[in-house]
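*Asks:* Dropping the structure in here first, questions after.
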Amino acid sequence: MVLAYILAKVEAGKDRDIVYEIKKLKEIKKAHATYGTYDLLIEVEFKDIDGLDEFVFDKIRKMPGVKETVTVIASKTLV
């Protein structure tokens, strides 16, 4: 399994539109609005890295209003 966290920057004023769109995606385990450099923290889990790639490149990055993403892949769960 591949557990990852996607940090996303969203265009000003597009926050609600993005939240509406990500709620439709079954791959998302959790999503949080955040303060600071990034606007969203999205938790996902996939069977393999190919599934994660497809999700990030074909779904998240193609959403109108998403300006930038950073994906952090967890190496192991500690707690």
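*Asks:* Got a number for residues in segment 1-34 being assigned to a loop (DSSP other than H, G, I, E, B) and either over 13 Å from ALA74 (Cβ atoms) or charged (D, E, K, R) (or both)? I'd like the intermediate steps shown before the answer.
*Replies:* So the first thing to find is which residues in segment 1-34 are assigned to a loop (DSSP other than H, G, I, E, B), and the list is 1, 11-14, 23-27, 34.
If we keep only those that are either over 13 Å from ALA74 (Cβ atoms) or charged (D, E, K, R) (or both) too, we end up with 11-14, 23-27, 34.
So the answer is 10.
*Asks:* Applying the selection to segment 35-59, what residues are loosely packed, with under 11 Cβ neighbours inside 10 Å and either part of a loop (DSSP other than H, G, I, E, B) or touching a residue at least 40 places away in the same chain (Cβ under 8 Å) (or both)? If you could, list the steps in order and put the result at the bottom.
*Replies:* Keep residues of segment 35-59 that are loosely packed, with under 11 Cβ neighbours inside 10 Å, which gives 35-37, 47-48, 50, 58.
Listed by number, the residues that qualify are TYR35, GLY36, THR37, LYS47, ASP48.
*Asks:* In addition: Kindly indicate which of LEU3, LEU40, LEU7 is in contact with a His (Cβ under 8 Å, 6 or more places away or on another chain) and modelled with pLDDT of 95 or more.
*Replies:* LEU40
*Asks:* Could you look through segment 39-60, keep only residues that are out of contact with any Asp or Glu (no Cβ under 8 Å at 6 or more places or on another chain) and of a type in the set (A, V, I, L, M, F, W, C), and pick out the one that is farthest from ASP17 (Cα to Cα)?
*Replies:* Here the residue is ILE49.
*Asks:* Which numbered condition in (1) of a type in the set (A, V, I, L, M); (2) without any contact (Cβ under 8 Å) to a residue 40 or more places away in the chain; (3) buried (at least 16 other Cβ atoms within 10 Å of the Cβ) is the only one that ALA8 fails?
*Replies:* (2)
*Asks:* Looking at this structure, is LYS62 assigned to a loop (DSSP other than H, G, I, E, B) and modelled with pLDDT of 95 or more? Walk me through it before giving the result.
*Replies:* Numbers: assigned to a loop (DSSP other than H, G, I, E, B): yes; modelled with pLDDT of 95 or more: yes.
So LYS62 fits the description; yes.
*Asks:* Taking segment 60-79 on its own, how many of its residues are surrounded by 10 or more Cβ atoms within 10 Å (Cβ to Cβ), in contact (Cβ under 8 Å) with a residue 60 or more places away in the chain and not aliphatic (A, V, I, L, M)?
*Replies:* Taking segment 60-79 as the starting set, the residues that turn out to be surrounded by 10 or more Cβ atoms within 10 Å (Cβ to Cβ) are 60-61, 63, 65-74.
In the following step, the residues that additionally are in contact (Cβ under 8 Å) with a residue 60 or more places away in the chain were identified as 68-74.
From what is left, the residues that are not aliphatic (A, V, I, L, M) are 68-69, 71.
Total satisfying the criteria: 3.
The values are calculated or read from the model by the stated rules, or taken from the named source; none is laboratory data. Predicted, not measured: the structure shown is a model, and the values here were computed from it. Counting neighbours? That spans all protein chains shown, and the Cβs are built from the backbone with ideal geometry, glycine included.
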